[in-house]
Amino acid sequence: MHISIQNLGPVKNGEFDLKPLTVFIGDNRQGKTQALYTAAAALDKLGYAAYTDRAAGFDAAVLFPEIERLYTEITQKENTTLDLIEHCRTYGQEYFNGLAQIIPAQIPGILGSRTPYENTNLTFTLSEKEQQTLEKELCRREINTHIPGLGIKLVKEKDKKDLFIYKTETYSEQIPKSEILRLITATLTQLYHEILYPGFYYFPSDRNSISTILKIVANKKSSRGNNPFGSLTSSALNSNVTRSFSSRLSDFFGDSIENILSGIPYPSQRFISALSDLLNDTENATGNRLKNTSKDKVLPYINLAALLSEKIAGEGVYLQPNKTGLAQEIVIKKDGQELDIPLASSGVKGLMGLILYLRHYAEKGNTIIIDEPEENLHPTQQTALAEFLAILVNSGINVAITTHSPYIVEHLETLILAHDLKDKTGVKEKLILKREDAYIAKENVSCCLFKDGTIENILLENGQINWQTFCDTANIIDDISIFVNYLRDREKEDKNAQSIDTAVAEEKGEYHT
């Protein structure tokens, strides 16, 4: 997906491609995170939900022309049909154009900001490959959508192009037009998103603190009696009733889940929701996943979770039922010992969400968004993480990151160059993770520099990355170091010269204290 941005925070005018591995670098306050979060949320479920709401409100600017025809025919006849492939060819790009129009109104909620973004302009452009993927998968998909309250059913057979829409026995002429428009539009737009981007997972910069708070909440036993932030009523103080994780989360903050989540950025909401779902599950989530899903689909990601724990985090991250029996808790293990989260290294706190995602959620085609994955990691671990991200991409997971790490960027360049070597003898043994699937093809990488209101593609045709922003900092450090050492040497010379003058004066008997 090619994305153009005008007037989004610090970004005045820029464009970039979302590829299997997308890397944003640049100084602070250059708009990297804002651009990444906005693009991801638009292509995630937030985007098609917002679009569907507008379409259901009869907004002609975003409503598919075909939807009006379908509505008219379904209300006047018993059924109608839509050629999904032809519709995609005609309106696929137009849909993403309409999506780009409505997303600026959603940006305050995406970023958790009160700032309006009415001057922001976005453009989403499908690549030829994405268009072909949409058409192929739309044909392949089977659809069977039925909402009894609406009395409308949508059906498509596998490997057929026609979507059939017809009335059921529960249909009533009293059904609002908006609800029928919503159903048909949501079916189409959700398909577009799920085909191109089937599942987003977010790891925001505040993931460390969120994980710690959720661990504390998971272990709380009673209702508001244990809430340090809420009022303590006599009934709450006397309550020993164990409650679900969601209830304890509400108690802990003294507010409803909806209100808690509404005031924070969309990526943080999604991170909290994903972890909360795991903590609410008192069953053996990993075991059930292996039992209920093809091992070929999930076992590679469970193994990658182990690799991340052992080789980079250095500590194991697991879920196990807590003492209440009504929730899971996050457990850290190192050298056979269990650690409370506050005692875990800051590096493992930053990676625990990713480890749990790989073990419990990861599926081929997912997109993960990581803000500064190098957070609290030693340079060697950062370098290993570059290899790990490439391995994730090669396993079928799309990755998009913002980073300030020269180790990640420089090593990524090496992995790109290594991929194109005809003779790779000895390269794998030099890598930290010792894996051949850490090499990554240049065409699967997008690397952009955010600077002075623009976005520049810095991945060169030869596979090298023009990461001058880090080199500039290194040059500044070198320049300061050279100057300080020059002054230090001059002081030594002056001191030596003074010592020589003193010695000469003493020989002549001219030295006086």
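The values are calculated or read from the model by the stated rules, or taken from the named source; none is laboratory data. Please read all numbers here as calculations on a predicted model, not as lab measurements. Cβ: placed from backbone, ideal geometry, glycine included. Neighbour counts: every protein chain shown. Ligands, DNA and RNA are excluded from the accessible area calculation, which covers all protein heavy atoms including side chains. Shrake-Rupley method; radii C 1.70, N 1.55, O 1.52, S 1.80 Å.
Where does the range 373-448 land on the Kirkwood hydrodynamic radius, alpha-carbon pairs, in angstrom? All intermediate terms of the calculation are to be shown ahead of the outcome.
Numbers: mean 1/r = 0.0797 Å⁻¹.
After inverting the mean inverse Cα-Cα distance, the result is 12.5 Å.
Using a probe of 1.4 Å on the protein chains alone, the accessible area found for residue 311 is around 130 Å². Neighbours of residue 204 by Cβ distance under 12 Å: Lys/Arg scored +1, Asp/Glu scored -1, total -2.
Using a 1.4 angstrom probe on the protein heavy atoms only, could you order 164, 16 from most to least accessible area? Mind dumping the intermediate values first?
On the way: 164 100, 16 5 Å².
So, going from the largest accessible area down, we get 164, 16.
The convex hull around the C-alpha trace of the range 1-89, projected and averaged over every direction, spans 8.0 square nanometres.
The ratio of the alpha-carbon radius of gyration of the range 156-199 to the globular-protein estimate 2.2 N^0.38 Å is 1.43.
Dipole check for the range 393-484: with +1 at the C-beta of Lys and Arg, -1 at the C-beta of Asp and Glu, and the Cα centre as origin, the magnitude is about 420 Debye.
Please sort by residue number the GluC sites (Glu not before Pro) in the range 102-201 whose DSSP state is loop and whose Cβ has at most 12 other Cβ atoms within 10 Å. Don't skip to the answer; put the middle values down first.
Details: sites: 118, 128, 130, 135, 137, 142, 157, 169, 173, 179, 194; in loops: 118, 142, 157, 169, 173.
Here the GluC sites (Glu not before Pro) that fit, given the DSSP loop and packing criteria, are 118, 142, 169, 173.
Sequence gap at least 6, Cα distance under 8 Å: using those rules, report the relative contact order of the range 87-208 to the nearest whole percent.
Details: 113 pairs, mean separation 21.3, N = 122.
Once divided by the residue count of the range 87-208, the mean separation gives 17 percent.
Mean shadow of the range 70-175, computed from the convex hull of its alpha carbons, in nm²? It would help to have the intermediate numbers written out before the result.
Details: hull surface 37.3 nm².
It is 9.3 nm².
Rank-order 427-438, 101-112 by packing density, defined as the average count of other C-beta atoms within 10 Å over each peptide's residues, highest first. List each step's numbers first, then the result.
Values: 427-438: 15.2, 101-112: 18.7.
Output ranking for 427-438, 101-112: 101-112, 427-438.
Along its three principal directions, the equivalent ellipsoid of the range 118-210 from the Cα gyration tensor extends over semi-axes of 31, 21, 15 Å, largest first.
The loop-placed trypsin sites (Lys or Arg not before Pro) in the range 10-111, going by DSSP, that have at most 12 neighbouring Cβ atoms within 10 Å of their Cβ come out as 29, 77.
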